[in-house]
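*Asks:* Let me begin by handing over the structure; questions about it come next.
The values are calculated or read from the model by the stated rules, or taken from the named source; none is laboratory data. This one's a predicted model, so the numbers in the text were calculated from it and none came from an experiment. Cβ atoms come from the backbone with ideal geometry, glycine included; neighbour counts cover every protein chain shown. Keep in mind that these areas ignore ligands, DNA and RNA; they rest on the heavy atoms of the full protein, side chains included. Shrake-Rupley method; radii C 1.70, N 1.55, O 1.52, S 1.80 Å.
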Amino acid sequence: MHRIMICEDDPKLSSILKSNLEKYGFDTGVVENFDRVLDYFQSYDPHLVLMDVNLPKFDGFYWCRQIRSVSTCQILFISARSGEMDQVMALEYGGDDYITKPFHMEVVMAKIRSQLRRAFGEYAPQTEERIVKLSGLQLFPERLELELRGTSSPLTKKEAVLLEMLMHQSPRVVSREAMLEKLWDDQAFVDENTLNVNIARLRKKLQEFGIDEGLETVRGAGYRMIPVWEE
């Protein structure tokens, strides 16, 4: 059963969407705390998100970027904004489709089924899963997971992107500029602090596997992976 997350601050519309989705056999979760949308997303782990644009405090574009930092889940925008620029922004920030309000429920259901078919059904690309290996350490970029000696741990999308670069280049240095450019492709704005935070998180993640000295800082140049662990 596919899980659909509804992020809509109009209780009446949210209730209508929920009842129709459940009628068609979908497991449905509804966001109630709009300050913690990403937390709810990570705990519910949906296959598809219905995302309104006009939300309290932060808009749907913001939350779409947050979700995209940790997941490739399908995101379908539903909004009263019908301007071309809003639709362009929704797609640029990582949305998969855009429906303007008012809408027919049949259109919403058809688009949901279409997105799910492309991601999980008969239209989903049948490709082998990529695995990046370095001395027994295995990175699974598509599932955002790191594994060593049978033990696995989840990664954020940014952590996986950086770790893949480091593992591919090992033992060569990956420059900070190259890392920032790669992260920039994934998000509208990235600064030096974003990179520092994600490198620190990567080090902590590696320490969970007993790897304390595997990620080395090369002053004035960047970072490199040194396979000091046992396979």
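*Asks:* With +1 on each Lys and Arg Cβ and -1 on each Asp and Glu Cβ, and nothing else charged, work out how big the dipole of the chain is about its Cα centre, in Debye to the nearest 20.
*Replies:* Working: 29 positive and 37 negative charges, 17 e Å.
My answer is approximately 80 debye.
*Asks:* Can you pull a Stokes-Einstein diffusion coefficient for the chain at 10 °C (1.306 mPa s), Rh from Kirkwood over Cα pairs, as a whole number of µm²/s? Don't skip to the end; give the middle numbers.
*Replies:* Working: Rh = 19.4 Å.
Using the Kirkwood radius from Cα pairs, D works out to 82 µm²/s.
*Asks:* Sticking with this one: Where does the chain land at 222 nm, in deg cm²/dmol rounded to the nearest 500, when only DSSP H runs of n ≥ 4 count, each adding -39500 (n - 2.57), divided by all residues?
*Replies:* Dividing the helical sum by the residues of the chain leaves -12500 deg cm²/dmol.
*Asks:* Now a separate question. Kindly provide the chymotrypsin sites (Phe, Trp or Tyr not before Pro) of segment 144-226 that DSSP labels as loop, not H, G, I, E or B, and whose Cβ sees at most 15 other Cβ atoms within 10 Å. Kindly include the intermediate steps, with their values, before the conclusion.
*Replies:* Details: sites: W184, F189, F209, Y223; in loops: F189, F209.
Passing both the DSSP loop test and the Cβ count: F189.
*Asks:* Enumerate the amide H contacts of T28 below 5 Å, restricted to partners 5 or more residues apart or on another chain; note that Pro and chain-start residues carry no placed amide H.
*Replies:* The list, which skips near neighbours in sequence, is I4.
*Asks:* Counting each pair of different Cα atoms once, what's the Kirkwood radius of segment 1-70 in Å, rounded to one decimal? Spell out each step's value before the answer.
*Replies:* On the way: mean 1/r = 0.0825 Å⁻¹.
Across segment 1-70, the inverse of the average 1/r is 12.1 Å.
*Asks:* On to the next question. Quick one: with all protein chains in place, what share of the accessible area of the chain is carbon or sulfur, to the nearest percent (1.4 Å probe)? Numbers along the way, then the final one.
*Replies:* Details: 5900 of 12470 Å².
That fraction is 47 percent.
*Asks:* Which cross-chain or sequence-distant (5 or more) residues have an amide H under 5 Å from the amide H of L55, H modelled 1.01 Å from N in plane?
*Replies:* For L55, the qualifying residues are G60.
*Asks:* Averaged per residue, what accessible surface does the chain expose to a 1.4 Å probe, in Å²? Before the final figure, lay out the partial values.
*Replies:* On the way: 12470 Å² over 231 residues.
Normalised by residue count, the accessible surface of the chain is 54 Å².
*Asks:* Scan segment 60-161 for GluC sites (Glu not before Pro) in coil per DSSP, keeping those whose Cβ has at most 14 other Cβ atoms within 10 Å, and list them by number. Please report the intermediate quantities before stating the final value.
*Replies:* Working: sites: E84, E92, E106, E122, E128, E129, E142, E145, E147, E159; in loops: E122, E128, E129, E142.
Hits after loop and neighbour filter: E122, E128, E129, E142.
*Asks:* Could you work out how far the C-alpha centroid of segment 68-110 sits from that of segment 1-20, in angstrom?
*Replies:* Rounded to whole Å, the Cα centres lie 14 Å apart.
*Asks:* Please report, for the Cα atoms of segment 34-89, the Rg to one decimal and the Dmax as a whole number; what are they, in angstrom?
*Replies:* Cα-based Rg and Dmax for segment 34-89 come out at 11.1, 33 Å.
*Asks:* Let me ask another. Which order do F26, F120 take by accessible area at a 1.4 Å probe, largest first?
*Replies:* On the way: F26 25, F120 105 Å².
From most accessible down to least: F120, F26.
*Asks:* Right, here's the next one. When N is the residue count of segment 16-136, what does its C-alpha Rg come to as a fraction of 2.2 N^0.38 Å?
*Replies:* Values: Rg = 15.6 Å, N = 121, 2.2 N^0.38 = 13.6 Å.
This ratio for segment 16-136 stands at 1.14.
*Asks:* OK, next. Of all DSSP beta bridges in the chain, what percent run antiparallel (nearest 5)?
*Replies:* Working: 16 of 33 bridges.
Bridges in the chain that DSSP calls antiparallel: roughly 50 percent.
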